[in-house]
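Scroll down for the structure; my scribbles are underneath it.
The values are calculated or read from the model by the stated rules, or taken from the named source; none is laboratory data. In this text, all values refer to a predicted model and were calculated from it rather than measured experimentally. Because the Cβ atoms are built from the backbone with ideal geometry, glycine has one as well, and the counts that use them run over all protein chains shown.
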Amino acid sequence: MANLISIAVLGSGNGSNFESIANAVESGMLSARIACVISDVPDAFILERARRRNIPARHIDCAPFKTKLDGAAEREAVSYMQRHGADTVALAGFMRIVKGGLLAAYPNRIVNIHPSLLPAFPGLESWKQALEYGAKWTGCTVHFVDGGMDTGPIILQRAVPILDDDTTESLHARIQEQEHAAYPQALQWLAEGRLQVQGRRVLVRA
Ligand code: GRF
């Protein structure tokens, strides 16, 4: 039996992964509620998507930091998530490194989705990196978040072939299709209490 988990979604952009999580909740496939949405970008579409669904949504100004969530912004984010009852944090296109304060507030409860088969192609625009490298396969990875960039234990991966006529756009679109299935699935395993972390390995219990 799955517990009902309460997810805070953090994103910086379009929010299509947020949408796939919200759809999975609505259809009953994911045993969760979305507690709130936070963005570091004031006009990010993810905030608009959340408001349309009457989900509490908030911009948090992360200055003076450019690449991390730290200091006063981190404290504000943690308190906003806690106020809305979040017990799980899903990073969905959140373009900042999370630091010790958030990691300590949500130990083993922060997950991320990355558009490559990690550990290949961490960092930015991974679909472009894979295409330019000449890889024949790429994909997406859902993983627990640790202090590094795209380094935490891997929960789930889905592979995508790189086709001869792929452009960065066509490849990214096919990776995103897989992301939209992978993220709700991984969160459902978390809700069902099936994930067991053993060092770097995440075992998915039956
Ligand atoms: C996704 O490709 C995700 O893997 C990466 O950022 C992108 C976010 O897309 N971390 P969206 O905002 O969910 O549409």
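Residues in the range 4-18 that are β-branched (Val, Ile, Thr), closer than 19 Å to ILE97 by Cα and away from the ligand (no atom under 12 Å from the Cβ): ILE7 only.
Here are some residues: GLU169, GLU179, GLU132, GLU125. Which one is acidic (Asp, Glu) and in contact (Cβ under 8 Å) with a residue 60 or more places away in the chain?
Working: GLU169 fails: in contact (Cβ under 8 Å) with a residue 60 or more places away in the chain; GLU132 fails: in contact (Cβ under 8 Å) with a residue 60 or more places away in the chain; GLU125 fails: in contact (Cβ under 8 Å) with a residue 60 or more places away in the chain.
Answer to the check: GLU179.
Only one entry of ILE34, ILE60, ILE21, ILE46 meets the criterion of being in contact (Cβ under 8 Å) with a residue 12 or more places away in the chain, in contact with a helix residue (DSSP H, G or I) (Cβ under 7 Å, 6 or more places away or on another chain), more than 16 Å from the ligand (Cβ to nearest atom) and under 18 Å from VAL89 (Cβ atoms), and that entry is ILE60.
Is it true that some residue in the range 167-174 is in a loop (DSSP other than H, G, I, E, B) and more than 20 Å from LEU190 (Cβ to Cβ)?
Of all residues in the range 167-174, those in a loop (DSSP other than H, G, I, E, B) come to 167.
The next check asks that each one be more than 20 Å from LEU190 (Cβ to Cβ); those that pass are 167.
Checked against the condition, which is being in a loop (DSSP other than H, G, I, E, B) and more than 20 Å from LEU190 (Cβ to Cβ), the range 167-174 yields at least one hit.
For the range 180-189, filtering for residues that are touching a Lys or Arg at 6+ places or on another chain (Cβ under 8 Å) and surrounded by 20 or more Cβ atoms within 10 Å (Cβ to Cβ) leaves 1.
Which ones in the range 151-166 are part of a loop (DSSP other than H, G, I, E, B) and either over 20 Å from the mean Cα position of the chain (by Cα) or loosely packed, with under 12 Cβ neighbours inside 10 Å (or both)? Full working, then the answer.
Narrowing the range 151-166 to residues part of a loop (DSSP other than H, G, I, E, B): 151-153, 162-166.
Selection gives ILE162, LEU163, ASP164, ASP165, ASP166.
Any residue in the range 119-132 that is touching a Lys or Arg at 6+ places or on another chain (Cβ under 7 Å), at pLDDT 95 or above and not hydroxyl-bearing (Ser, Thr, Tyr)? Checked against the condition, which is being touching a Lys or Arg at 6+ places or on another chain (Cβ under 7 Å), at pLDDT 95 or above and not hydroxyl-bearing (Ser, Thr, Tyr), the range 119-132 yields no hits at all.
Restricting to the range 175-205, count the residues that are assigned to a loop (DSSP other than H, G, I, E, B) and either hydroxyl-bearing (Ser, Thr, Tyr) or within 15 Å of the ligand (Cβ to nearest atom) (or both). Spell out the reasoning first.
Start the filter on the range 175-205 by keeping residues that are assigned to a loop (DSSP other than H, G, I, E, B), which leaves 192-194, 199-200, 205.
Next, only the ones that are either hydroxyl-bearing (Ser, Thr, Tyr) or within 15 Å of the ligand (Cβ to nearest atom) (or both) stay: none.
Residues flagged as assigned to a loop (DSSP other than H, G, I, E, B) and either hydroxyl-bearing (Ser, Thr, Tyr) or within 15 Å of the ligand (Cβ to nearest atom) (or both) within the range 175-205 amount to 0.
Checking each residue in the range 100-128 for being more than 16 Å from the chain's Cα centre (by Cα), assigned to a helix (DSSP H, G or I) and within 15 Å of the ligand (Cβ to nearest atom) picks out TRP127, LYS128.
Counting the residues of the range 48-74 that are surrounded by 14 or more Cβ atoms within 10 Å (Cβ to Cβ), basic (Lys, Arg) and in a helix (DSSP H, G or I) gives 1.
Residues VAL202, VAL145: which one is within 14 Å of the chain's Cα centre (by Cα) and surrounded by 17 or more Cβ atoms within 10 Å (Cβ to Cβ)? Don't jump to the end; show me each part of the working.
Values: VAL202 fails: within 14 Å of the chain's Cα centre (by Cα).
Result of the check over VAL202, VAL145: VAL145.
For the range 75-98, the set of residues classified as surrounded by fewer than 18 Cβ atoms within 10 Å (Cβ to Cβ) and in contact with a helix residue (DSSP H, G or I) (Cβ under 7 Å, 6 or more places away or on another chain) consists of ARG75 only. Checked across the range 85-100, the condition of being over 30 Å from ASN3 (Cα atoms) and modelled with pLDDT of 95 or more holds for no residue.
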